[in-house]
Every structure is written in structure tokens, then in C-alpha cells.
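One structure below.
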Amino acid sequence: RYGESVEQRNNICLSCHKSGDRMHWLSSTNEAEDLACVSCHSIHQPNDVIERTTQTEVCFECHKDIRSQTFRASTHPIRENKVICSDCHNAHGSAGPSSLKQFTVNENCYSCHAEKRGPFLWEHYPASEDCTLCHRVHGSNHQALLNKPGPQLCQQCHADISAGGGRRHISNFLDFNDADRNRARFKVGMNCANCHSKIHGSNHPSGAALQR
């Protein structure tokens, strides 16, 4: 109503809608940004933010940086509405980071990518710690939503390999004077995952190097 503050208008809604998914509203990012309920919700007409086919467009009115990421080469199917914002986020606030529906990034991802959860006999600890150490979740110009292309991504942690740790690794594949031409296939499209394919973890008894 005219002349009322955002807090006063929101309190009218919260007098009924204050439980369930809205219990964290008072500590949410949107509340801190002084966002009114009616900024997203329509009161007496069809509610675009609830419908799967229209929700993302409502969110993108503010989150334009996220919208731009969905046009990158590798994305979740967000623009196709197969994955929508509320599949991962609770706009009314949550106990997790970035208004995620789960307590951690990984638990959020595992709700769809259950095969990556483990436990594995051989863990790849960055993968079990935080998916975003390697992946850019809304969109990336690298395959599989990666932050960087391989092997640069892996070399952020495995610096000993990039410095020449062993004849099997990347620094040797870059040596175009190498007489062993059997390894030339790695010089085009080279990627650590060409060999270490079980990058999220392995249950094979001989899978310590995540190769099987």
C-alpha cells in the first residue's frame, strides 16, 4: 500500500506465510536487500515466479549476471526450464551458503548428481570438499562447466606435475622433440581426464590414481 515501507508490506504477508520455506526470511539476502514480496510475487493473479516455465525470467530481472552465464558454451539447461532457480536455491533464505536449499554446495549438487556422492574407496578430496573448486555451476566456456580447461585446472593443485613430475605427464607431452611418437595423441586435446577418468573418485581396488 502507498506510503508503507517494504518491511510493513512484507509483515502483512508474513503474518500468514512465515513457516516452511520462509522460516529463514529475516536472515536472507533478499530481505537484507529490502526486497518486497510483491517484487517477485503477484497477489491476485497468476504467479510467474512459481511456474517452472516463467520463474527464471523473474529471477533474471535482478540477476542479470547469472542470465549472461547461461549463454555460455557449457551450461545446465536453465534457459530450457529443465533446471530452474528454485531447484537449487530458496529465495526466502536458507541455512546454507548462497541461499542454497541444502547445507553445503555438494549436498545441493548430489540431489541430482547422486553418482558423484560416494563414498569411494579412493577419494579425490577437492571433489568431495566443494564442487565449485572445479565447476562453474551457472555456465562456463569450458566443457563440463569447468572453471578452466584441462590440464590447467588440475595444475592449480598438482603443480609438481606441471613442473615435470614423471615421463607420463603433461610437460613431456609438450615436448615436440620427443622421439616417442606414440604419445603424440596427447598433444591435441590433451587432458588429465584422458587417463584419470574417474576424477570424482574410484571404487576399483587398483584405482588409487583414479584411472579405473
Response to the item:
In debye to the nearest 20, the charge dipole size for region 95-160, taken about the Cα centre with +1 at each Lys and Arg Cβ and -1 at each Asp and Glu Cβ, equals 240 debye
Worksheet entry | Of the chymotrypsin sites (Phe, Trp or Tyr not before Pro) in region 33-124, those whose Cβ has at most 12 other Cβ within 10 Å and which sit in DSSP loop | PHE71, PHE103
Fill in: Per DSSP, loop trypsin sites (Lys or Arg not before Pro) in region 1-89 with at most 15 further Cβ within 10 Å
ARG1, LYS18, ARG52, ARG72, ARG79, LYS82
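Computed from the coordinates by the stated procedures, all read-outs in this text should not be read as laboratory data. What you are looking at is a predicted structure, and each value in this text was computed from that prediction instead of being measured. Note that we place each Cβ from the backbone using ideal geometry, even for glycine, and neighbour counts take in every protein chain shown.
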